[in-house]
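**Q** Encoded as structure tokens, here's the structure I'll be asking about.
The values are calculated or read from the model by the stated rules, or taken from the named source; none is laboratory data. Here the structure is a predicted model, which is why all the values come from computation and not from measurement. Ideal geometry is used to build each Cβ from the backbone, glycine not excepted, and the neighbour counts take in all protein chains shown.
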């Protein structure tokens, strides 16, 4: 087996001419014959006992050729690709130029990674938000923690108010006729949550426990149950009970319960620091996104369609993996959403195109800047991946080639380079009111 020649047919499209010698081909034909003969019936012979020469005489000399070639192609093609040195980005399309007892000549058409050109990737102008943390943001973050540590208390000494959780029985009717799905008992409803159709919750407000009353509403014109859309309805209701969410006081005792701090001031300072850190990370991501968009615009490259298709399929597989981690799969997801595989591909295609272009641009920058990945950096990345996936380093090494990991490191270093060389202008958000300015937390 050998690579006879490599021909550049057109831009990024190459044709490999691959030879399979007579001895190798003959051995493959013999293997196919031995595998298939047991299923072949020839008059005068017991099933599976007909000589190869008799079968070839009946069905033609090349009866086993196609299967023999298919049997050889994986190894033959892999060897030819390695010998060619091409960076192939598509599945091959095979043709047979010739086949006989003297051997086979195959033609494999493949697309290769295109040559990319890029200029002006240093000094890209971007904007970065000025980071501010307001007192309102700190209060909102702490209130979310208070919500998680809240408790429900019974309300017995007053009428229902917005914010209460009302336990109700109800039975709905249109023109005096009850409708399907309009009846329930012991339902908890947060008044003011807009869980029910407009006007329903407001009419519970003001009633006391034990009250029985009617709620008059009109179903929206776009209501999902078409037979009820735009219809007037009456719900006979009974208020069984009321509960109110009670938040813990923000004091030193609460702080000690929910954190490693002793005082409210210490806790608020830590919350502020974490919000600021989160905003800084968001701002950094925004800068990187702007830089990536900019280098994509500067990329000059004739990209084969196969690269976009392959990356789209990678995105589909990743999507399926994430679904499976949530206990779903693509088939079930499609049933829930009404989508199909082609629709998902269409949805993921823009992301895939951006990923391909980004990678080509960054690889070219790494090449132009002579960026390399040291052995120490590769080993450190193996260790990081092992920790992230809770696997042994050697297992990670079995699944990821060091050369591939080195390429990823060079790409990351290319990103660091364009970030370091970027011209970053601070973007200050306008304050809406003097009150908002006054509430801004001190830096």
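**Q** Read through the list (1) more than 30 Å from residue 259 (Cα to Cα); (2) surrounded by 11 or more Cβ atoms within 10 Å (Cβ to Cβ); (3) not assigned by TED's automatic domain parsing to the domain that holds residue 228, then give the number of the only condition that residue 119 fails.
**A** (2)
**Q** Additional query: Given (1) within 40 Å of the chain's Cα centre (by Cα); (2) surrounded by 13 or more Cβ atoms within 10 Å (Cβ to Cβ); (3) farther than 21 Å from residue 153 by Cα, where does residue 192 come up short, assuming only one miss?
**A** Among (1) within 40 Å of the chain's Cα centre (by Cα); (2) surrounded by 13 or more Cβ atoms within 10 Å (Cβ to Cβ); (3) farther than 21 Å from residue 153 by Cα, residue 192 violates only (3).
**Q** Which residues, taken from region 294-307, are surrounded by 13 or more Cβ atoms within 10 Å (Cβ to Cβ) and over 29 Å from residue 123 (Cα atoms)?
**A** 304, 306, 307
**Q** Find the residue count for region 205-232, including only residues that are over 44 Å from the mean Cα position of the chain (by Cα) and in contact (Cβ under 8 Å) with a residue 24 or more places away in the chain.
**A** Final tally of qualifying residues: 11.
**Q** If you don't mind, another one. Quick check on this structure: which one of 174, 205, 133 is more than 30 Å from residue 232 (Cβ to Cβ) and surrounded by 12 or more Cβ atoms within 10 Å (Cβ to Cβ)?
**A** From the options 174, 205, 133, the qualifying one is 133.
**Q** Within region 348-364, identify whether any single residue is without any contact (Cβ under 8 Å) to a residue 24 or more places away in the chain and within 17 Å of the chain's Cα centre (by Cα), and answer yes or no.
**A** yes
**Q** Filter region 122-150 down to residues that are assigned to a helix (DSSP H, G or I), in contact (Cβ under 8 Å) with a residue 60 or more places away in the chain and either assigned by TED's automatic domain parsing to the domain that holds residue 365 or more than 29 Å from the chain's Cα centre (by Cα) (or both), then give me how many there are.
**A** Of the residues in that region, 9 qualify.
**Q** Taking only region 331-353 into account, find how many residues are surrounded by 15 or more Cβ atoms within 10 Å (Cβ to Cβ) and closer than 30 Å to residue 121 by Cα.
**A** Residues flagged as surrounded by 15 or more Cβ atoms within 10 Å (Cβ to Cβ) and closer than 30 Å to residue 121 by Cα within region 331-353 amount to 4.
**Q** Quick test for you: out of 291, 328, pick the one residue that is surrounded by 13 or more Cβ atoms within 10 Å (Cβ to Cβ) and in a helix (DSSP H, G or I).
**A** 291
**Q** If we keep just the residues of region 257-276 that are within 19 Å of residue 247 (Cβ to Cβ), touching a helix residue (DSSP H, G or I) at 6+ places or on another chain (Cβ under 9 Å) and touching a residue at least 40 places away in the same chain (Cβ under 8 Å), which is surrounded by the fewest Cβ atoms within 10 Å (Cβ to Cβ)?
**A** 258
**Q** Could we say that residue 316 is in contact (Cβ under 8 Å) with a residue 40 or more places away in the chain and either exposed (fewer than 11 other Cβ atoms within 10 Å of the Cβ) or part of a helix (DSSP H, G or I) (or both) here?
**A** No, not satisfied.
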